[in-house]
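Please read the structure below before turning to the comments.
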Amino acid sequence: MQSLLRHVRVLHRLGPANRDSVSALRVAVGVAVPSLALLAAGRPDLIIYAVFGALTGMYGRSEPHQLRLKHQLQAAFVLVGGLGVGVALSVNQLHSWTLVAVEAILAAAGSLFADKVGLTPNGPFFGILALGACASVPTAVPWQLALLIGAASAAFSMAVGFGGWVRGRAWERGAARVVPPLRGIRRRAAWIHAARYLAAVAAAGSVGVLSGSAHPHWAMAAAAVPLAGADLPSSVYRGLHRIVGTLLGLVVVAVVLFPWAGSPLRLFPGHETAVLAVLVIVLQFTTELFMTRHYGLAMVSFTPVILLMTQLAFPADPGFLVAERAVETLIGACTGIAVVVLIRRRRPLAATPDA
């Protein structure tokens, strides 16, 4: 009983603050500038590519400037690469089982890469999220332009993240070497970790396709979440946070998009698209504000970010989107937790904090 109560307390515990508002502001600026530029250009449907590129700013939040720049460059490779693969699938109308196979394989490859270079947040989650989201919406511009928007947004986020160095110009020798090379048992653990990503993402995506879901990529992304935990308890916590945070975030989406819920969009007739774009920026700020302190609270904001920018790219019935997101998140998170339990990792790969 005492053990159960301890786990319940951990689920609700808010982690210590660590200049979270500064990191959140950096990410919000990285999202805001390209998003508002696209809104001004009359192309809010392209904001989805800008946001995924701008998520580069989430990496290396507490690291020295030169190490942050290095890790953000590596993260940009993962994010823009996932975006590009997703656009390629969309352009060629490759969905269903092809999407599941491609995303599962790239999740495993992304896991190996993230573990090798020591990315924080760890794992390939945001890369496969970008892949699935971009594959699920029609590409309304030449694929080169979509890729360019993502890459330019990533470059701008890196510039924002490195901007503080201009003020101090302090270059710390040796700061770029913080992750030991993958050798022996650690290399074996990395391959086991990658196998878990492959199994979880493939299983969740397969269930999504067999159930007839229009968004199996949501289940695949949710399945990857528990795998970023350092051990079994933290993996289960992350899965539960994902479920509860997503469900609460869907309440926010319903308030914004459902006409009968007294949507605030009704207060700005003719400017609904601009309001949605601004909400994406504000909610990304609050996402980063809580990302390292409480994953569940972060998901309350991040869930509307994903759904609102998807709605900007390709409007759909809000009720259908909310229902699909809830079901696919439950499928994915439970699948991820099951894989963590069934495929054990002998020891953590690195002592980096999860986010």
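Points to keep in mind about this one:
- Condition met for residue 132 (touching a Gly at 6+ places or on another chain (Cβ under 6 Å) and at pLDDT 95 or above): no
- Of the listed requirements (1) within 21 Å of residue 217 (Cα to Cα); (2) surrounded by fewer than 17 Cβ atoms within 10 Å (Cβ to Cβ); (3) modelled with pLDDT of 95 or more, residue 315 misses just one: (3).
- So residue 331, is it under 27 Å from residue 50 (Cβ atoms), assigned to a helix (DSSP H, G or I) and modelled with pLDDT of 95 or more: no
- Residue within region 260-278 that is over 18 Å from residue 49 (Cα atoms), among the polar types (S, T, N, Q) and touching a residue at least 24 places away in the same chain (Cβ under 8 Å) present: no
- Only one of the numbered conditions (1) part of a helix (DSSP H, G or I); (2) surrounded by fewer than 17 Cβ atoms within 10 Å (Cβ to Cβ) is not met by residue 269, and that is (1).
- Members of region 258-306 that are within 19 Å of the chain's Cα centre (by Cα), polar (S, T, N, Q) and over 21 Å from residue 43 (Cβ atoms): 286, 287, 292, 301, 303
- Any chance residue 277 is within 26 Å of residue 100 (Cβ to Cβ) and either modelled with pLDDT of 90 or more or among the aromatic types (Phe, Trp, Tyr) (or both): no
- Residues of region 295-319 that turn out to be free of Cβ contacts under 8 Å to residues at least 12 places away in the same chain, of a type outside the set (Asp, Glu) and more than 20 Å from residue 281 (Cβ to Cβ), as a count: 1
- Every pair of residues 6+ apart whose Cβ atoms lie under 8 Å, when the first sits in region 126-140 and is more than 15 Å from residue 96 (Cα to Cα) while the second is hydroxyl-bearing (Ser, Thr, Tyr) and surrounded by fewer than 23 Cβ atoms within 10 Å (Cβ to Cβ): 139/90
- Lone unmet requirement of (1) modelled with pLDDT of 95 or more; (2) under 16 Å from residue 305 (Cβ atoms); (3) surrounded by fewer than 20 Cβ atoms within 10 Å (Cβ to Cβ) for residue 222: (3)
- The condition of being modelled with pLDDT under 95 and farther than 14 Å from residue 151 by Cα holds for only one of 117, 100, that being 117.
- Condition check for residue 286: of a type in the set (Ser, Thr, Tyr) and assigned to a helix (DSSP H, G or I): yes
- Among residues of region 77-103, those that are surrounded by fewer than 24 Cβ atoms within 10 Å (Cβ to Cβ), of a type outside the set (S, T, N, Q) and part of a helix (DSSP H, G or I), counted: 10
Results for (1) under 25 Å from residue 335 (Cβ atoms); (2) buried (at least 23 other Cβ atoms within 10 Å of the Cβ); (3) touching a strand residue (DSSP E or B) at 6+ places or on another chain (Cβ under 7 Å), shown as yes or no for each residue.
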residue: 239; (1), (2), (3): yes, yes, no
residue: 279; (1), (2), (3): no, no, no
residue: 288; (1), (2), (3): no, yes, no
residue: 310; (1), (2), (3): yes, no, no
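The values are calculated or read from the model by the stated rules, or taken from the named source; none is laboratory data. Just so it is clear, the structure is predicted and the values come from calculations on it, not from any experiment. Here the Cβ is made from the backbone with ideal geometry for all residues, glycine too, and neighbour counts use every protein chain on show.
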